[in-house]
Amino acid sequence: MSQLPAGFPKDDIPKARLQLTKELKETARQARKSDGLTLYLPVERMHGMIIPASFVASAPLGAPKPNIEPEAVLVDLARDAEEASVRELDGTAAVRTLETCPADPDKGVEVPSLRVQYTVPIPDSTPALWMTFSFSTLIAPDMDTEFTETLVELFDAVMTTFRWSYA
């Protein structure tokens with residue numbers, strides 16, 4: 001709220017604050033509904049703008065079928081994806097998928113988005129457990145495609161630093 005433009009009407013600040021709170025709660029609700037464990041949202045301006053992106057780490061998820069091999073799940077995910085590749089996260093095979101999600105005004109989504117998701121089995125989990133790491137960024141009509149691609153590359157770079165930690 002401290003970053004409202006100069007001249008923003010003081011009488012409209014409570015309404016703006018309520019709208020922002022509503023949008024943040026809805027984003028958190030959507031992440032939770034998708035088994036999100038951790039939600040990261042940029043809230044500080046960078047070079048004068050707030051980055052239109054989010055990053056969600058899921059809670060551990062059970063395998064879709066009992067006794068299924070991790071490789072079979074990766075193959076299924078890759079087959080159904082718009083774009084998929086196998087990556088390695090801290091020595092564990094993972095699948096990276098990329099998809100363009102269309103705008104959906106009925107759900108309050110006014111512009112399309114790009115979603116990158118890494119799905120990785122948790123090593124030595126019995127029964128097999130999985131985690132997903134999802135990155136989404138808006139594809140605004142006035143936004144440079146190169147900027148969107150750079151954000152995706154940044155997320156991919158972050159994922160190369162992923163390490164399993166056993167406490």
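What follows is calculated from the coordinates using simple rules that are stated; it is not laboratory data. Just so you know, these numbers come straight off a predicted model, no measurement behind them. Counting neighbours? That spans all protein chains shown, and the Cβs are built from the backbone with ideal geometry, glycine included.
List the residue ranges in the chain for DSSP H helices whose C-alpha atoms run 20 angstrom or more along the long axis and whose Kyte-Doolittle average is 0.0 or above.
Result, helices passing both filters: 145-160.
Extending each Cα 7 Å along its Cβ direction at Arg79 and Glu26, get the distance between those two points in nm, one decimal.
So the two model labels end up 3.7 nm from each other.
By how many nm would the segment from Thr126 to Glu99 grow when fully extended, if each residue of separation counts as 0.36 nm and the alpha-carbon distance is taken off?
My answer for the length gained is 6.7 nm.
With the crude spin-label approximation of a point 7 Å out along Cα→Cβ, what separation in nm comes out for Glu110 versus Phe147?
1.5 nm
Among all the aspartates and glutamates, which ones have a C-alpha under 16 Å from Lys33's C-alpha, if same-chain residues fewer than 8 places away are not counted?
By straight Cα distance, Lys33 reaches Glu23.
What list of ³J(HN,Hα) couplings, whole Hz, do you get for region 121-135 from phi and the Karplus terms 6.51, -1.76, 1.60, once you set θ to phi - 60° and write x for glycine and proline?
Along region 121-135, the couplings run x, 7, x, 6, 7, 9, x, 4, 10, 10, 10, 10, 10, 10, 10 Hz.
What is the magnitude of the charge dipole of the chain about its Cα centre, with +1 placed on the Cβ of each Lys and Arg, -1 on the Cβ of each Asp and Glu, and no other charges, expressed in debye to the nearest 20?
820 debye
Which one, Ala103, Thr145, Ala57, projects farthest toward the positive side of the charge dipole computed for the chain from Cβ point charges (K/R +1, D/E -1)?
Ala57
Starting from the Cα of Lys15, draw a straight line to each of the lysines and keep only those under 24 Å, dropping any in the same chain fewer than 8 residues away.
Leaving aside lysines fewer than 8 places away in the same chain, those within reach of Lys15 are Lys25, Lys107.
Tell me, in nm to one decimal, what length is gained between Arg87 and Thr160 on full extension, where the rule is 0.36 nm per residue of separation less the Cα-Cα distance?
Extra length from Arg87 to Thr160 when fully extended: 25.4 nm.
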